[in-house]
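The values are calculated or read from the model by the stated rules, or taken from the named source; none is laboratory data. Every value quoted in this text rests on a predicted model; they were computed, and no experiment measured them. Positions of Cβ are backbone-derived with ideal geometry, glycine not excepted, and every protein chain shown enters the neighbour counts. To get the accessible areas, we keep the full protein, side chains included, count just its heavy atoms, and leave off ligands, DNA and RNA. Shrake-Rupley method; radii C 1.70, N 1.55, O 1.52, S 1.80 Å.
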Amino acid sequence: MVQIMNDMFRVGVFASTHGIKGEIKVHPTTDDIDRFDYIKDVIMDCGKAGMKELEVEGVKYFKNMPILKFKGIDNINDIEKYRGSDIYVTRENAIPLEEGEYYVADLLGLDVYTDEGNKLGVLKEVIQTGANDVYEVLMSNGKTVLLPKIDECVLNIDLEAGRITVHMMKGLL
């Protein structure tokens, strides 16, 4: 049985086939490419064909792209039709988090409040810039504000309360 989307995390996109034995190149969408060394099972969103659970038989790398081989898929014709599909892992198979780290899927939709107690809006997107993440908050007036995920700005994340507390630094609005 396939999990609901909130319990799955996208780790890549099926970019192209590799050879003729059913291997695929994956464009990684995870911040840790080495995570593919530990993946045992994935779920591929095959569009109209539905969600397909696949067991990873082998992993190798070519030019910073993981190449996956799935058990029972030994021919290019059996996998090529799914090119462009998103590849997910379940929450149970996700990389364990360090203290103060969160899965993006758990943050999206949280209410965002200022440190003065006013509701600013709802977290719409987390943009990964390399230096630090940026939180895109949809405000009640329909506009968005971008907040850097730095200690001076994002003060507290409380998943249980469904709330993020931020300090509105000068120039952000």
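When we screen 82, 88, 135, 113 for residues that are in contact (Cβ under 8 Å) with a residue 12 or more places away in the chain and open to solvent by 40 Å² or more (accessible area, probe 1.4 Å), the only hit is 113.
Search region 62-110 for residues being of a type in the set (Lys, Arg) and modelled with pLDDT of 90 or more, and hand back the single one that is nearest to the chain's Cα centre (by Cα). Looking at residues that are of a type in the set (Lys, Arg) and modelled with pLDDT of 90 or more, I get 83. When the residues of region 32-53 are narrowed to those that are over 24 Å from residue 96 (Cα atoms) and loosely packed, with under 14 Cβ neighbours inside 10 Å, which ends up modelled with the highest pLDDT? That would be 50. Inspection of region 16-31 finds a residue satisfying the criterion of being open to solvent by 50 Å² or more (accessible area, probe 1.4 Å), under 17 Å from the mean Cα position of the chain (by Cα) and either within 18 Å of residue 95 (Cα to Cα) or not hydroxyl-bearing (Ser, Thr, Tyr) (or both). Just to be sure, is residue 125 modelled with pLDDT under 95 and either loosely packed, with under 14 Cβ neighbours inside 10 Å or of a type in the set (Ser, Thr, Tyr) (or both)? It is false that residue 125 is modelled with pLDDT under 95 and either loosely packed, with under 14 Cβ neighbours inside 10 Å or of a type in the set (Ser, Thr, Tyr) (or both).
Take residue 106 and tell me if it is touching a Gly at 6+ places or on another chain (Cβ under 8 Å) and in contact (Cβ under 8 Å) with a residue 24 or more places away in the chain. No; evaluated as a whole, the condition is false for this residue.
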